[in-house]
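Working notes for the structure below.
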Amino acid sequence: MKSYSTIMIFLIVGSLALSSCSDPKDPPLGVSSSVSVHPAAWIQKSSSEFHGAALESSNYDAASCQQCHGNNYDGGLVDVSCYTCHSNFPHPAGWTGLGDASHSKYIQANNYDFRSCKSCHGEDYSAVKVDNSCRTCHTNEAGPEACNTCHGVFAAADELGNAVPPAGLNNETDPSDPAIGAHQPHIAFFGSAEAACQECHIVPATMTDIGHIDGDGQAEAVFNGPLGSTVSENGARQPSQTGAYSGQTLTCENTYCHGNWGLLKSSSSNDFIYAADKIEGNNASPNWTDPNAAACGTCHDLPPKGHTPFGVQACSNCHSSVIDRAGNIIDASKHVNGKINVFGQEVPMF
């Protein structure tokens, strides 16, 4: 009996020794690799055994997941990737940087769909995971959904001016790039982003407004603002119906701002200044990326066509609130503002 007991003990100890030397990454042949160590309700959100609850209890430290699913959570020992269900969590290395693995690249590649972020960080992105929340960096009132998260200057303020390129959606900064072009000169001319943006774009109230993110990565110019759509020539000139921006030629066409206007002599109380039946602009088509495309004298002649000819130094005789005797614009708010400024008075275009 003693010899039999000794043999059994030897076999058991030997078996334990062999198993202790086995590499867990290479399970013995014949052993199923599909055996789960997770509870039955691991993927059921309504269960207390849901893996999301387990992560929450560990402050979203997913290091324990790496033991089976690999250092990058892409399969590992069990050949089951966490990314099968979670396209962006656990976050890869470089998630908070600016490289190809960054969250900004992920969001862009997924057409700026922030819903996956909300599933963990909450509707207002304030839920703290591990040691911070989305609002650790996105401190604007709208958090990650602020305009200048994607375009313009990433700054801790909800000012529309910060959302005007540069930078573009792909961090473009050069005015020769269509994403940048003449954005800043337009802001400087109008004096504020609030006034300028609405002239050429439908400004969305929220990130998810219809037409804001439509998948083509291009901003649509819609000339229906109070200035861009100014009607003149007794209704014959209606830029809101003809104004357009061409992505092929990079030009703006038929806009009031660049000379699509006309003033009829028959409707003017100052008909003495007319040299023809009407005074009109040049209806110019300036190139969006050419800083010299809208130089003075481009949008209308000096003086405009149909106007009694005078040198530019004489403009201030009638338009002293807009221009000085040297030909300098002294009040940009009264230049190209949809009104006629003459003899100190402002009257609407007609």
* For region 139-162, does any single residue satisfy the condition of being touching a Pro at 6+ places or on another chain (Cβ under 9 Å) and part of a helix (DSSP H, G or I)? -> yes
* Structure fact -> Out of (1) assigned by TED's automatic domain parsing to the domain that holds His183; (2) within 29 Å of Asn59 (Cβ to Cβ), the one Pro166 does not meet is (2)
* For region 270-279, which residues satisfy the criterion of being in a loop (DSSP other than H, G, I, E, B) and either outside the structural domain of Glu253 (by TED's automatic domain parsing) or closer than 20 Å to Asn260 by Cβ (or both)? -> Ala276, Asp277
* Structure fact -> Residues in region 336-350 that are of a type outside the set (A, V, I, L, M), surrounded by 14 or more Cβ atoms within 10 Å (Cβ to Cβ) and more than 16 Å from Ser229 (Cα to Cα) total 1
* To do: Check Phe189 against each of (1) within 19 Å of the chain's Cα centre (by Cα); (2) over 30 Å from Cys68 (Cβ atoms) and name the one condition it does not meet.
  => (1)
* Structure fact -> Of the residues in region 146-158 that are touching a residue at least 12 places away in the same chain (Cβ under 8 Å) and surrounded by 18 or more Cβ atoms within 10 Å (Cβ to Cβ), the one that is farthest from Gln218 (Cα to Cα) is Ala146
* Which one is surrounded by the fewest Cβ atoms within 10 Å (Cβ to Cβ) among residues in region 267-282 that are under 21 Å from Val231 (Cβ atoms) and at pLDDT below 95? -> Ser269
* Hey, does region 214-226 have a residue that's closer than 16 Å to Met349 by Cα and out of contact with any Leu (no Cβ under 8 Å at 6 or more places or on another chain)? -> yes
* Can you tell me which residues in region 115-128 are surrounded by fewer than 18 Cβ atoms within 10 Å (Cβ to Cβ) and either among the hydrophobic types (A, V, I, L, M, F, W, C) or in a strand (DSSP E or B) (or both)? -> Ala127, Val128
* Asked: Does Asn140 satisfy the condition of being without any contact (Cβ under 8 Å) to a residue 24 or more places away in the chain, in contact with an Asp or Glu (Cβ under 6 Å, 6 or more places away or on another chain) and either surrounded by 14 or more Cβ atoms within 10 Å (Cβ to Cβ) or of a type in the set (Lys, Arg) (or both)?
  -> yes
* To do: Please state which of the following conditions Met207 fails to meet, knowing it meets all the rest: (1) at pLDDT below 95; (2) surrounded by fewer than 18 Cβ atoms within 10 Å (Cβ to Cβ); (3) in contact with a helix residue (DSSP H, G or I) (Cβ under 6 Å, 6 or more places away or on another chain); (4) closer than 29 Å to Phe350 by Cβ.
  => (4)
* Asked: Identify, please: which residue in region 32-87 is exposed (fewer than 11 other Cβ atoms within 10 Å of the Cβ), of a type in the set (A, V, I, L, M) and free of Cβ contacts under 8 Å to residues at least 24 places away in the same chain and is, among those, farthest from Ser133 (Cα to Cα)?
  -> Val35
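Residue-wise test of (1) among the hydrophobic types (A, V, I, L, M, F, W, C); (2) within 15 Å of Asn260 (Cα to Cα).
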position: Ala284; (1), (2): yes, yes
position: Asn292; (1), (2): no, no
position: Ala295; (1), (2): yes, no
position: Thr298; (1), (2): no, yes
position: Asp301; (1), (2): no, yes
position: Lys305; (1), (2): no, yes
position: His335; (1), (2): no, yes
position: Gln345; (1), (2): no, no
position: Met349; (1), (2): yes, yes
* Scope region 280-339; condition assigned to a strand (DSSP E or B) and touching a helix residue (DSSP H, G or I) at 6+ places or on another chain (Cβ under 6 Å); matching residues -> Ile323
* Structure fact -> Across region 238-267, the tally of residues that are farther than 13 Å from Ile279 by Cα, of a type outside the set (Asp, Glu) and either assigned to a strand (DSSP E or B) or in contact with a Gly (Cβ under 9 Å, 6 or more places away or on another chain) (or both) stands at 14
* Structure fact -> Restricted to region 48-107 and to residues being aromatic (Phe, Trp, Tyr) and part of a loop (DSSP other than H, G, I, E, B), the residue nearest to the chain's Cα centre (by Cα) is Trp95
* Asked: Got a sec? Which of Pro204, Pro226, Pro175 is within 14 Å of the chain's Cα centre (by Cα) and in a loop (DSSP other than H, G, I, E, B)?
  -> Pro204
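The values are calculated or read from the model by the stated rules, or taken from the named source; none is laboratory data. Keep in mind that this is a model prediction, so the values were computed, not measured. Don't worry about glycine lacking a Cβ; one is built from the backbone with ideal geometry, like all the others, and counts go over all protein chains shown.
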